[in-house]
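J.: To start, I am sharing the structure in question, which I have written as structure tokens.
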Amino acid sequence: MGIWTTARRAEREQDRAGRELVDQLTDTWRRACEHVGLSHAVQVASGTTIVVPTLARADVSGPDPVLIVKLMPGQLPADFRAPEVAQRLSAALGCDRIRVEPRGPHWVRIELLTGDPLAVDVTTALPARDHSVSGAQVLVARDELGRPLAMQWDQAPHTCVQGATRSGKSVWCYSVLAQLARLDDVLIAGSDPSGLLLGRPWAGTRHHEWQATGSRDVLAHRDLLDRLVAEMDARIAELPARQDKLAVFTPARPLIVVVLEELAGLLRLASTTPTPKGEAKVREQLLHAFGRLVSEGHKAGMRLLVVTQRADVTIIEGFARGQLGLRLSFRVDDPEALVMLHGQDARAELVQHRQSPPGVALVQAPGIALTRARGPRLPGPSEDADYARFWDEVAGDVPARLHQVAA
Ligand SMILES: Nc1ncnc2c1ncn2[C@@H]1O[C@H](COP(=O)(O)OP(=O)(O)OP(=O)(O)O)[C@@H](O)[C@H]1O
Ligand SMILES: [Mg+2]
């Protein structure tokens with residue numbers, strides 16, 4: 001009996017606190033809605049009155065207060081979520097950010113959050129080894145509601161990742177490549193002048209001969225891209241009758257992930273590389289191979305992963321709009337880079353995104369609108385252990401080498 005009375009008393013107390021919050025916020029709510037354009041002007045006999053969505057109820061039973069609001073005819077939850085609107089409403093309501101969820105067709109639930117829901121660690125769940133790419137979900141990010149954004153890489157589009165220095169690009173790549181390297185029927189190929197992401201950690205693996213690293217030998221990068229183009233052409237020529245794309249992958253004919261780390265830097269190096277008379281400049285040769293891989297690689301079982309500090313025209317122009325499907329922007333300093341990769345919609349995110357902590361990105365994918373999310377990190381004791389763990393993961397792919405050590 002005692003317990004029930006106490007529970008009922010607590011409930012009454014919460015109802016009262018909820019009503020008080022509504023009273024306290026009603027005025028602010030009205031003015032904020034008018035200010036951000038969530039109000040309607042309605043003609044009545046005595047003139048014009050301004051109506052705003054009704055703040056019906058507040059629920060203070062959870063960790064963060066929740067407002068229950070009735071939409072006006074013609075309004076959608078998305079109207080409240082637009083970054084510009086959401087930021088202004090949060091400021092007016094005295095919280096850090098709001099989370100808006102529909103509640104039936106006519107209501108929204110607005111959670112008033114303090115702190116950043118992305119201030120949590122997201123850890124990569126590594127698939128078991130020897131799995132097939134067609135059976136493994138690769139974790140790309142986790143959104144503010146904690147929902148995973150994951151996809152099968154054989155279904156994935158090409159990817160472009162951009163971000164300023166120290167924004168989290170490499171850590172994200174370690175996590176995603178470690179997930180992919182565990183799959184039997186995936187080959188990690190590509191070009192990396194820095195020689196950190198590709199190269200040394202992969203020595204002795206089946207992937208290594210498909211990777212060009214270092215900045216001394218630009219022609220090695222060109223040769224690698226040419227080899228990938230030749231492989232692509234061969235695959236397309238061998239497509240079985242009545243098939244227009246490669247859809248089944250095996251260890252003998254794997255899905256090829258083509259990593260292009262700092263392509264812009266490579267192109268700069270290439271612009272001064274001498275070529276024999278009559279041959280196209282190396283920069284043009286690289287761009288030509290890149291363009292072909294972008295436009296035809298997908299149907300030949302190739303998935304580009306372009307990593308760059310700043311998505312610039314050279315890179316974006318290589319992509320036809322729809323082919324550059326998965327786009328991630330970690331913190332970028334130049335607002336135009338955000339717009340370059342995500343389009344005009346990203347303008348509303350500029351101010352907030354400029355202050356994103358490492359690992360937090362704006363993510364966009366086919367069927368997924370631009371979303372703030374956190375990229376995963378490999379499991380490990382500290383953030384600085386990511387690279388060592390990546391190395392172990394990748395090198396763990398070498399049964400042959402293990403035998404040699406044992407012998
Ligand atoms: N997902 C994450 N969660 C938490 N911390 C992260 C995350 N990603 C990156 N960091 C932190 O940010 C630091 C810089 O990340 P990273 O080396 O990936 O940056 P980068 O974009 O590759 O920079 P550069 O362009 O200089 O290579 C990491 O050492 C780590 O401490
Ligand atoms: Mg890096």
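The values are calculated or read from the model by the stated rules, or taken from the named source; none is laboratory data. Quick caveat: nothing in here was measured; it's all calculated off a predicted structure. Here the Cβ positions follow ideal geometry from the backbone for every residue, glycine too, while neighbour counts run over all protein chains shown. Ligands, DNA and RNA are excluded from the accessible area calculation, which covers all protein heavy atoms including side chains. Shrake-Rupley method; radii C 1.70, N 1.55, O 1.52, S 1.80 Å.
J.: Given the condition at pLDDT below 90 and within 14 Å of ligand 1 (Cβ to nearest atom), answer yes or no: does some residue in segment 306-324 qualify?
T.: For segment 306-324, residues at pLDDT below 90 and within 14 Å of ligand 1 (Cβ to nearest atom): present.
J.: Restricting attention to segment 230-237, does a residue exist that is without any contact (Cβ under 8 Å) to a residue 60 or more places away in the chain, surrounded by fewer than 13 Cβ atoms within 10 Å (Cβ to Cβ) and part of a loop (DSSP other than H, G, I, E, B)?
T.: no
J.: Still on this structure: Against the condition assigned to a loop (DSSP other than H, G, I, E, B), without any contact (Cβ under 8 Å) to a residue 12 or more places away in the chain and open to solvent by 60 Å² or more (accessible area, probe 1.4 Å), how does Glu279 come out, does it pass?
T.: Criteria met by Glu279.
J.: Only one residue in Arg268, Arg242, Arg216, Arg166 is free of Cβ contacts under 8 Å to residues at least 12 places away in the same chain and within 16 Å of ligand 1 (Cβ to nearest atom). Which one?
T.: Answer to the selection: Arg268.
J.: Quick check on this structure: which one of Arg99, Arg88 is open to solvent by 20 Å² or more (accessible area, probe 1.4 Å) and within 23 Å of the chain's Cα centre (by Cα)?
T.: The conditions single out Arg99.
J.: In segment 382-407, which residues are at pLDDT below 90 and within 19 Å of Trp172 (Cβ to Cβ)?
T.: Ser382, Glu383, Asp384, Ala385
J.: Take the conditions in contact with a strand residue (DSSP E or B) (Cβ under 9 Å, 6 or more places away or on another chain) and surrounded by fewer than 15 Cβ atoms within 10 Å (Cβ to Cβ) and apply them to Asp223. Does it pass?
T.: yes
J.: Also, quick follow-up: If I filter segment 1-27 down to residues being open to solvent by less than 40 Å² (accessible area, probe 1.4 Å) and out of contact with any strand residue (DSSP E or B) (no Cβ under 6 Å at 6 or more places or on another chain), which single residue comes out as farthest from Glu111 (Cα to Cα)? Can you show your working first?
T.: Narrowing segment 1-27 to residues open to solvent by less than 40 Å² (accessible area, probe 1.4 Å): 17-18, 21-22, 25.
Subset that is out of contact with any strand residue (DSSP E or B) (no Cβ under 6 Å at 6 or more places or on another chain): 17, 25.
Values: Ala17: 16, Leu25: 14 Å.
The selected residue is Ala17.
J.: Another question, then. Take the conditions under 26 Å from Pro117 (Cα atoms), among the aliphatic types (A, V, I, L, M), open to solvent by less than 30 Å² (accessible area, probe 1.4 Å) and touching a residue at least 40 places away in the same chain (Cβ under 8 Å) and apply them to Val60. Does it pass?
T.: Numbers: under 26 Å from Pro117 (Cα atoms): yes; among the aliphatic types (A, V, I, L, M): yes; open to solvent by less than 30 Å² (accessible area, probe 1.4 Å): no; touching a residue at least 40 places away in the same chain (Cβ under 8 Å): yes.
No; evaluated as a whole, the condition is false for this residue.
J.: Being part of a loop (DSSP other than H, G, I, E, B), within 30 Å of Pro240 (Cα to Cα) and open to solvent by 50 Å² or more (accessible area, probe 1.4 Å) is the filter here; which residues of segment 295-349 pass it?
T.: Selection gives Ala320 alone.
J.: Within segment 163-211, which residues are more than 16 Å from ligand 2 (Cβ to nearest atom) and open to solvent by 10 Å² or more (accessible area, probe 1.4 Å)?
T.: Arg182, Asp184, Leu187, Ala203, Gly204, Thr205, Arg206, His208, Glu209, Trp210, Gln211 - these are the residues of segment 163-211 that are more than 16 Å from ligand 2 (Cβ to nearest atom) and open to solvent by 10 Å² or more (accessible area, probe 1.4 Å).
J.: Please state which of the following conditions Gly190 fails to meet, knowing it meets all the rest: (1) in contact (Cβ under 8 Å) with a residue 24 or more places away in the chain; (2) on the phi > 0 side of the Ramachandran plot; (3) within 16 Å of ligand 1 (Cβ to nearest atom); (4) not in a strand (DSSP E or B).
T.: So Gly190 meets the others, but not (4).
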